[in-house]
1. For the chain, what % of the accessible area comes from carbon and sulfur atoms, probe 1.4 Å?
2. Just how large is the dipole of region 12-112 about the Cα centre, in debye to the nearest 20, putting +1 at every Lys and Arg Cβ and -1 at every Asp and Glu Cβ?
3. What would the Debye equation give as log₁₀ I(q)/I(0) for the chain at q = 0.22 Å⁻¹, counting only Cα atoms as equal point scatterers?
4. Modelling each spin label as a point 7 Å along the Cα-to-Cβ direction, I'd like the Ala59/Asn100 distance in nm, to one decimal.
5. When only Cα pairs under 8 Å and 6 or more residues apart are kept, what is the percent relative contact order across region 1-92?
6. For a quick protection proxy, order the peptides 40-52, 13-25 by their average other-Cβ count within 10 Å, most packed first.
7. Take Ala73 and Ala39, extend 7 Å from each Cα along the Cα→Cβ direction, and tell me the distance between the two endpoints in nm.
8. Which residue, Ala59, Ala91, Ala34, tops the fluctuation ranking in a GNM of the chain built on C-alpha contacts under 10 Å?
Amino acid sequence: VQLVESGGGMVQPGGSLRLSCAASESIARFYWMAWYRQAPGKQRELVGTISLTGNTNYADSVKGRFTISRDNAKNTMYLQMTGLKPEDTAAYYCHAPAGNVWGQGTQVTVSS
């Protein structure tokens, strides 16, 4: 299976973006899926996870601002980001832990 992220870009502080992660095959076989991010010079960090049934967990740094969802029929996972801050600037990756599959990443830059 391949994962392809899209939707990144540059946005001003306080703005919003929605990232998509499209899979080449069914994501229904992956009970858990996740979003990670990696800022320059920093380790990759977990943003949040979503189960097959839609249960979500988030890092404290994004809780209340980011929302993960998935559409198993479309083989796509989403990351809705609101209230973006400069510290959210990073490359964002989707991940399917069970298959140890990563996307190529999409860059999000928050700057005025």
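1. Working: 2730 of 5710 Å².
The nonpolar share, carbon plus sulfur, comes to 48 percent.
2. Numbers: 10 positive and 6 negative charges, 9 e Å.
The calculation lands at about 40 debye.
3. -1.21
4. Placing both labels 7 Å beyond Cα along the Cβ direction yields 2.3 nm.
5. Numbers: 167 pairs, mean separation 31.0, N = 92.
Relative contact order comes out at 34 percent.
6. Most protected by this proxy first, the peptides run 13-25, 40-52.
7. Here the answer is 3.9 nm between the modelled labels.
8. Ala59
The values are calculated or read from the model by the stated rules, or taken from the named source; none is laboratory data. Remember, it's a predicted structure, so these values are computed and weren't measured experimentally. Neighbour counts are summed over all protein chains in view; Cβ atoms, including those assigned to glycine, are modelled from backbone coordinates with ideal geometry. These accessible areas exclude ligands, DNA and RNA; they are computed on the full protein's heavy atoms, side chains included. Shrake-Rupley method; radii C 1.70, N 1.55, O 1.52, S 1.80 Å.
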